[in-house]
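Derivation of every value follows stated rules applied to the coordinates shown; laboratory data play no part. Source: prediction; values computed, not measured. Cβ: placed from backbone, ideal geometry, glycine included. Neighbour counts: every protein chain shown.
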Amino acid sequence: MNVKRFANVDNNILQLLAVTALVFATMSILEPGKFLRYYNFESIFYTFPELGILSIAMMISMLTGGIDLSVVGVANLSGILAGVFFVNLTKGQTLSPEAMLLYVLAGILLALSVGIMAGAINGFLITKLRITPILATMGTAQLFTGICLVISGGPAIVGFPAYWAFIGNGKVLGVAFPLVIFVFVAAGVAFLLGRTLIGVNLMLIGANPKAAVFAGIRTARMVFVSYLLTGVLASIAGIILSGRANAAKSDYGASYLLQAVLISVLGGTNPAGGFGSVLGVTIAVIALMLLSSGFQIMRFSNHLIDFIWGAFLLLIMVVNYYNNTKRQNQ
């Protein structure tokens, strides 16, 4: 079937599209007056890019059979350090638009540097010290969150420049700027994984580590590179998140971690490694955002929503396990 060949991921993309259509239709029937408003979809376009980028980062860490539980901590640390940078350098000064633009560019470089350093720490712990990824990134997640609390003292960091706020709230030709960023990031990662040697190596390492070694792949180096990439993506998400909120805090996006794991698995990523799809993750995050928007419109409790996400994740993993076992037995 041509559609399946185009999707290149068996039936998973078609299933995700069907789930997304079902969610959209259900919410449209239940709350048509609120769910189908333009404002609702515009809100989704501004909020889903940061979660989508975090989910792509999670997918990349899963490709090698690992996981990165520190992505939210890295995102918040990137935003907080950028905020401190702006507050200290612009305090009591009236800057020209050109000077402020340079400060914002410097803030972006600072935030990306945080992502690179955080990814390097994770990569070193996993590849050199041989610490299990889930334990290593769980520890660094607490470390980064602790650093956020020490730097900020607890309250949110405010006082970001207008150009920074534009990153999270602006529009380009009528399109939400965070969505534009997401499209470029998603396209870049998709090209990297599908058209470059790095992507092939990461897939092979996750699918068959022994075969990767015999193929001459420097496994440790490639795993290290994958965590560098997840760190950079997390910092990009942190830039968007702090720009949208016009503030940065240690607990922003706390619920994103579970959702990023859920979206990655729902998007067809194999938690054991070897396969992942940016297209699948993109469709999955859209479906989840539509569902989340519907829950909020129907005034579901946040605690109930967290319960639903957790139960949904377990259900998906059970179904995937059943399908994989069925394929192996055929």
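Brief remarks on what is shown
- Longest site-free stretch - the chain; sites: trypsin sites (Lys or Arg not before Pro), DSSP loop, at most 15 other Cβ within 10 Å: 131-217
- The range 181-290, relative contact order [Cα under 8 Å, separation at least 6], %: 27
- Packing-based ranking, highest mean first, of 51-63, 17-29 given that Cβ atoms within 10 Å are counted: 51-63, 17-29
- Between the beta carbons of Leu102 and Ala211, assuming R0 = 30 Å, the FRET efficiency works out to 0.05 to the nearest 0.05.
- Ordering of 283-293, 301-311 by packing [mean C-beta count within 10 Å, highest first]: 283-293, 301-311
- Mean Cα-pair separation over length for the chain, i.e. relative contact order, pairs under 8 Å, 6 or more apart, %: 35
- The residues neighbouring Ile205, those whose beta-carbon lies less than 14 Å from its own, together hold a net charge of +3 under the Lys/Arg +1, Asp/Glu -1 convention.
- Order of Val84, Val74 - criterion: other Cβ atoms within 10 Å of each residue's Cβ, fewest first: Val84, Val74
- Extending 7 Å from the Cα toward the beta-carbon at both Ser301 and Val158 defines two label points whose distance is 3.1 nm.
- Compactness of the range 92-210 - radius of gyration and Dmax, Cα, Å: 19.0, 60
- Cα centroid separation, the range 233-274 to the range 135-154 (Å): 16
- The distance linking the range 46-60 with the range 185-210 is 17 Å (Cα centroid to Cα centroid, whole angstrom).
- Remark: Ser152, Ser255 ranked as Ser255, Ser152, counting other beta-carbon atoms within 10 Å and listing the fewest first.
- Each label was represented as a point 7 Å from its Cα along the Cα-to-Cβ direction; for Val172 and Phe124 these points are 3.5 nm apart.
- Taking label points 7 Å from Cα along the Cα-to-Cβ direction, Val200 and Leu17 give a separation of 2.8 nm.
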